[in-house]
Amino acid sequence: MSQVNQTQQNKTIITVLKCLKCSYSVERQFREGDFVLKIDGTCPNDGSPLYIWGIYAKSVNEKK
Ligand SMILES: [Zn+2]
């Protein structure tokens with residue numbers, strides 16, 4: 001009875017990062033100040049800079 005009836009879908013903003021040199025890519029939660037083509041972090045494979053390739057909203061209902 002204490003459960004809140006949620007009609008709204010929970011969504012998470014995901015930031016996709018890609019390496020400038022190789023095909024490495026990684027997703028993480030969006031952080032304030034993120035924007036496309038921003039350099040953020042380094043590639044674990046070759047130490048090259050990672051840039052933000054895209055930002056999208058993802059439903060957290062799906063489980064894998
Ligand atoms: Zn790389």
Report summary line: As straight-line cross-link partners of Lys58, the qualifying aspartates and glutamates (C-alpha separation under 13 Å, not fewer than 8 residues apart within one chain) are Glu27
Query raised in the report: Amide H neighbours of Ile14 under 5 Å, counting only residues 5+ apart in sequence or on other chains, H built in-plane at 1.01 Å?
Result: Phe30, Tyr56, Ala57, Lys58
**Report entry** Net lengthening on full extension, Gln9/Asp46 (0.36 nm per residue, minus Cα-Cα)
**Finding:** 9.5 nm
Query raised in the report: How many percent of Cα pairs in segment 11-59 exceed 16 Å?
Result: 32 percent
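Bear in mind these aren't lab numbers, they're just calculated from the coordinates by the rules spelled out. Note that the structure is a prediction, hence the values are computed from the model and not measured.
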